[in-house]
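Here is the structure we will look at, set down as structure tokens.
The values are calculated or read from the model by the stated rules, or taken from the named source; none is laboratory data. All values derive from a computational prediction rather than experimental measurement. Ideal geometry is used to build each Cβ from the backbone, glycine not excepted, and the neighbour counts take in all protein chains shown.
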Amino acid sequence: MTDKIPLSVAIITKDEAENLPDCLRSVSFAGQIVVVDSGSTDGTVQLASDLGCEVFEVPWRGFGPQKQSAVDRCRHPWILVLDADERIPAETAEAIKGIVTGQDKGAAGYSFPRKNYFQGRWVRHMGWWPDRIVRLFRRGVGRMSEATVHESVQVDGPVAALDVPIEHFTEGRFSKILMKIDRYSTLGAQEAFAEGRRASIGEAVLRAELAFLQNYILRLGFLDGRQGFILSVTDSVNKFFKYAKLSELSRGAKKV
């Protein structure tokens, strides 16, 4: 058995029974694992409970607020925010253990390069590597942003960059990708609308075209083969629907 360290791991879930076991095994050294679920129907809640997590069921409030609700339930001096489809490899676990047990006292938080795995390949271009993210921080000096989508950890104090990665096994099934696009584009449109932004269908088309050009050509997505092409297309489709939905909200506002 791995000795537990004074680290809390904060995870949010919604129908993550397939991903969660590997995620939890990768952080089995943590003294507390908090799972905040928002209505799973695939056994995620029972699975997390059976694997020793502290499970809370909280209605969905957007990614930032939802993750903050998990952070708020963390008790240990250090907190690691993780997604259910992410893993902490052995070398990263050792680095985290060293930080948490007091070998490094300089920083308030730490960022990691994230390795993204998609349809059988580690993606190296399009901004997907090193895809640096802040995930580890001292309790009391870090919190999640309020963003309902594309949220981030915000730390009051110095943030050090680690060289060891977090691994992300992103969804590769097209049916699930389409569901994710629908969800994320809706959240993105709603957030933009709340900020006072407006759009048209013409802008939606232009945004989609630019997204594909940027990812596939300028960011060298073509070097990632078939996976790079698919990811460039899916990001383009996501951009189109985000701004098309924003256009729909804009038209609705004009009628009021």
Query raised in the report: Under the condition of being basic (Lys, Arg), modelled with pLDDT of 95 or more and farther than 12 Å from residue 192 by Cα, which residue from the range 223-256 is surrounded by the most Cβ atoms within 10 Å (Cβ to Cβ)?
Result: 239
Query raised in the report: Looking at the range 18-44, which of its residues are assigned to a loop (DSSP other than H, G, I, E, B), under 24 Å from residue 64 (Cβ atoms) and within 17 Å of the chain's Cα centre (by Cα)?
Result: 19, 27, 38
Report summary line: Of the residues in the range 113-147, those that are assigned to a strand (DSSP E or B), in contact with a helix residue (DSSP H, G or I) (Cβ under 7 Å, 6 or more places away or on another chain) and crowded, with 17+ Cβ neighbours inside 10 Å come to 118, 123, 136, 143, 144
Report summary line: Cβ pairs under 6 Å, 6+ apart or interchain, first in the range 35-46 and assigned by TED's automatic domain parsing to the domain that holds residue 82, second in a loop (DSSP other than H, G, I, E, B) and aromatic (Phe, Trp, Tyr), ordered by first then second residue, are 38/60
Report task. Six or more apart or on different chains, Cβ under 7 Å: which pairs go from a residue in the range 134-162 that's closer than 19 Å to residue 7 by Cα to one that's assigned to a loop (DSSP other than H, G, I, E, B) and of a type in the set (Ser, Thr, Tyr)? Could you list them? Result -> 134/152; 154/145
Requested in this report: Considering each residue of the range 148-181, count those that are surrounded by fewer than 16 Cβ atoms within 10 Å (Cβ to Cβ) and either in a helix (DSSP H, G or I) or not charged (D, E, K, R) (or both), and give that number.
Outcome: 13
Query raised in the report: Is there a residue being part of a helix (DSSP H, G or I) and either assigned by TED's automatic domain parsing to the domain that holds residue 141 or among the hydrophobic types (A, V, I, L, M, F, W, C) (or both) anywhere in the range 73-83?
Result: no
